[in-house]
Amino acid sequence: AVMARQLLNYHAELARTSSQRMVRLLGIRDAMMAENLVYIVSREQGRGNVLVFAHNSHLKRGKVQWQWGNETVIWWPVGSHLHEMFGRRYVVIGSAVGTSPANGIGQPEAGTLEARFTSAPGPVRFIPTHQGQGLPAEEIAALPIRSGSKKNGSYEPLSAQSFTDFDWFAVLDTTAYNRGGPSIEYWSASSEQ
């Protein structure tokens, strides 16, 4: 019944004509995802922790800002809802990558978080954020943000906000496109039609 109500709310918003429709749909979707994860956690209680694997934008604590054509949409993601519900019990690991040629992600520019992190011995690093505590605020705020992907519009580089959005960073030197889905080229060709 809960899932049916969630889907009806989503479809009701989908039927509305509004300049805010996209941001409302994204907000409803992430609230639905959070409710479903809370249900899973309640069902798994006493059996251990629950691990959720998703895009950084879904799991982070802060607002998501996404470019949708000429419009910038901003909403609260799943992670912000879960953080409100679970408090310190919600622990989130954000991922970052140095390069990913298959995803159109080149070498990080000097001074960016990704460049600094991948300068440490790798190929994988697990770095605590300490919620940004003890870090020089002005220096962190002034860090440049690396350029995005030339092929994958869902790629989101790290920023100063990432220190409070995540508890840890899992940083890889490089990664390939091997998610089992259609290739980036397929998605690029589909979006041009």
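The values are calculated or read from the model by the stated rules, or taken from the named source; none is laboratory data. Just so you know, these numbers come straight off a predicted model, no measurement behind them. Cβ placement follows ideal geometry from the backbone for every residue including glycine, while neighbour counts extend to all protein chains displayed.
From the set of residues in segment 1-37 that are part of a helix (DSSP H, G or I) and of a type in the set (D, E, K, R), which is surrounded by the most Cβ atoms within 10 Å (Cβ to Cβ)? The qualifying residue surrounded by the most Cβ atoms within 10 Å (Cβ to Cβ) is Asp30.
For the residues Gly134, Gly122, the requirement of being loosely packed, with under 10 Cβ neighbours inside 10 Å, more than 21 Å from Gly69 (Cα to Cα) and modelled with pLDDT under 90 singles out Gly134. When segment 112-122 is filtered for residues that are in a loop (DSSP other than H, G, I, E, B) and in contact with a Leu (Cβ under 7 Å, 6 or more places away or on another chain), only Thr112 remains.
Looking across segment 38-81 at every residue that is modelled with pLDDT under 90 and in a loop (DSSP other than H, G, I, E, B), the one that is farthest from the chain's Cα centre (by Cα) is identified as Asn70. Scanning segment 83-142 for residues that are farther than 20 Å from Glu156 by Cβ and basic (Lys, Arg) turns up Arg88, Arg89. Scan segment 1-34 for residues that are within 22 Å of Tyr90 (Cβ to Cβ) and within 18 Å of the chain's Cα centre (by Cα) and the total you get is 9. Please determine whether any residue of segment 94-111 is assigned to a loop (DSSP other than H, G, I, E, B) and hydrophobic (A, V, I, L, M, F, W, C). Within segment 94-111, one or more residues are assigned to a loop (DSSP other than H, G, I, E, B) and hydrophobic (A, V, I, L, M, F, W, C).
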